[in-house]
Amino acid sequence: MKDLIKVRDLELDCIREYFSKTIENRWEDFDEEWKAKLGASGRGSFQLYLESGLSFVAEEDGEIMGFIFAQMLHHVYNVENLVWIENMGVHPYFRRSGIGYRMLRKVAETGADMGATVVHSAIQPDNLPSIMLHKKLGFFMDRREVALLDLNDLKRGPKSV
Ligand SMILES: CC(C)(COP(=O)(O)OP(=O)(O)OC[C@H]1O[C@@H](n2cnc3c(N)ncnc32)[C@H](O)[C@@H]1OP(=O)(O)O)[C@@H](O)C(=O)NCCC(=O)NCCS
């Protein structure tokens, strides 16, 4: 809990970095309410990830260098206990020094100790550093794609259907 403010800043910086490469809108133009919910440290998510026992920070001399947010899911993809990694990031200054790898391994090891048999991680297909990092630990990417339905857009049919 004491890390919340610093972790929040770092996660938002990482999200902002990603947006600046992929989306033309200026960060300042996005709605503040919407931004407050972004990420695993966002409003409504942080408590869950805090209590999962699968979220960690990399810290030195009180500085937060990296974060990883994960939780255990049950009976997904026919797997009883599955670790779901929602987001991770390392401060740009500390990248390529093994922090991401150590955090990822920590989540995998802790998940195994908690009874998980598999780890799934949310990776954007154009995020080469993240793909290479996961591969280094032994992750593989299959061609599985997930179809999404935004339930805010759900057109509800007549009640009898
Ligand atoms: C992806 C990220 C977390 C990696 O963290 P990191 O601490 O720099 O990674 P590590 O130093 O532990 O690197 C481990 C391995 O990952 C791969 N890797 C990491 N960054 C890489 C890069 N820029 N290019 C190619 N491979 C890379 C390498 O195989 C590396 O091993 P090596 O250094 O022995 O070659 C970091 O780049 C980051 O925070 N990016 C922005 C946020 C983000 O994209 N998060 C991922 C969301 S899933």
Item to complete: Report whether or not Ser41 is of a type in the set (Ser, Thr, Tyr), open to solvent by less than 60 Å² (accessible area, probe 1.4 Å) and out of contact with any Cys (no Cβ under 7 Å at 6 or more places or on another chain).
Response: yes
Worksheet item: Of the residues Glu17, Glu24, which is in a helix (DSSP H, G or I) and either modelled with pLDDT under 95 or open to solvent by 70 Å² or more (accessible area, probe 1.4 Å) (or both)?
Response: Glu17
Worksheet item: If you go through region 82-107 one residue at a time, how many are over 16 Å from Ala40 (Cβ atoms), more than 8 Å from the ligand (Cβ to nearest atom) and open to solvent by less than 30 Å² (accessible area, probe 1.4 Å)?
Response: 1
Worksheet item: So which of Met72, Met114, Met65 is closer than 18 Å to Ile15 by Cα and not polar (S, T, N, Q)?
Response: Met65
Response to the item:
Exactly one of Val7, Val83 is on the phi < 0 side of the Ramachandran plot and part of a helix (DSSP H, G or I), and that one is Val7
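The values are calculated or read from the model by the stated rules, or taken from the named source; none is laboratory data. This structure is a prediction, so every number in the text was calculated from the model and none was measured. As a convention, Cβ positions derive from the backbone with ideal geometry for all residues, glycine included, and neighbour counts pool all protein chains shown. Ligands, DNA and RNA are stripped out before the accessible areas are found, and what is left, the full protein with its side chains, is counted by its heavy atoms. Shrake-Rupley method; radii C 1.70, N 1.55, O 1.52, S 1.80 Å.
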